[in-house]
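Contents: one structure, followed by commentary.
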Amino acid sequence: METIKPEGVLHEVEGKVQNTAGAATGDAAAQLSGKAKELRGKAQQLCADTATVARDAVSNNPLGTLAVAVGAGLLLGALWSRNHTEMDSRADSRRYRR
């Protein structure tokens with residue numbers, strides 16, 4: 001995980017250089033590609049920062065993190081179950097309709 005942030009910085013710098021070179025030469029494709037690389041680098045850095053925050057939160061408060069994970073799992077399970085129940089009842093009503 002520690003190598004993701006420096007790679008993100010490199011992609012961001014590379015993208016900025018390519019974007020500037022594309023602007024100087026008037027090459028819109030190079031500008032667009034440079035902007036995409038720049039955004040990729042920023043996203044990698046954000047991912048690394050988020051992973052660090054999550055790792056710190058888990059190590060500082062493991063029971064709280066477990067409680068949040070269980071709550072999220074119960075919520076997703078309830079939503080999934082509700083969706084399947086509605087779909088099953090619609091299929092049954094169509095099956096017996098004449």
Legend entry - Number of positions in region 45-57 that are surrounded by 12 or more Cβ atoms within 10 Å (Cβ to Cβ) and either more than 26 Å from LYS16 (Cβ to Cβ) or outside the structural domain of LEU10 (by TED's automatic domain parsing) (or both): 1
Inset, instruction - Considering each of LYS42, LYS35 in turn, give the residue that is more than 17 Å from the chain's Cα centre (by Cα) and surrounded by 14 or more Cβ atoms within 10 Å (Cβ to Cβ). - result: LYS35
Legend entry - Unmet requirement for ASN61, which otherwise passes all of (1) under 30 Å from ILE4 (Cβ atoms); (2) at pLDDT below 90: (2)
Inset, instruction - Tell me, yes or no, whether region 16-25 has at least one residue that is basic (Lys, Arg) and under 17 Å from the mean Cα position of the chain (by Cα). - result: no
Legend entry - Of all residues in region 1-32 being β-branched (Val, Ile, Thr) and in a helix (DSSP H, G or I), the one that is surrounded by the fewest Cβ atoms within 10 Å (Cβ to Cβ): THR25
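The values are calculated or read from the model by the stated rules, or taken from the named source; none is laboratory data. Keep in mind that this is a model prediction, so the values were computed, not measured. Positions of Cβ are generated from backbone atoms using ideal geometry, with glycine treated the same way; all protein chains shown enter the neighbour counts.
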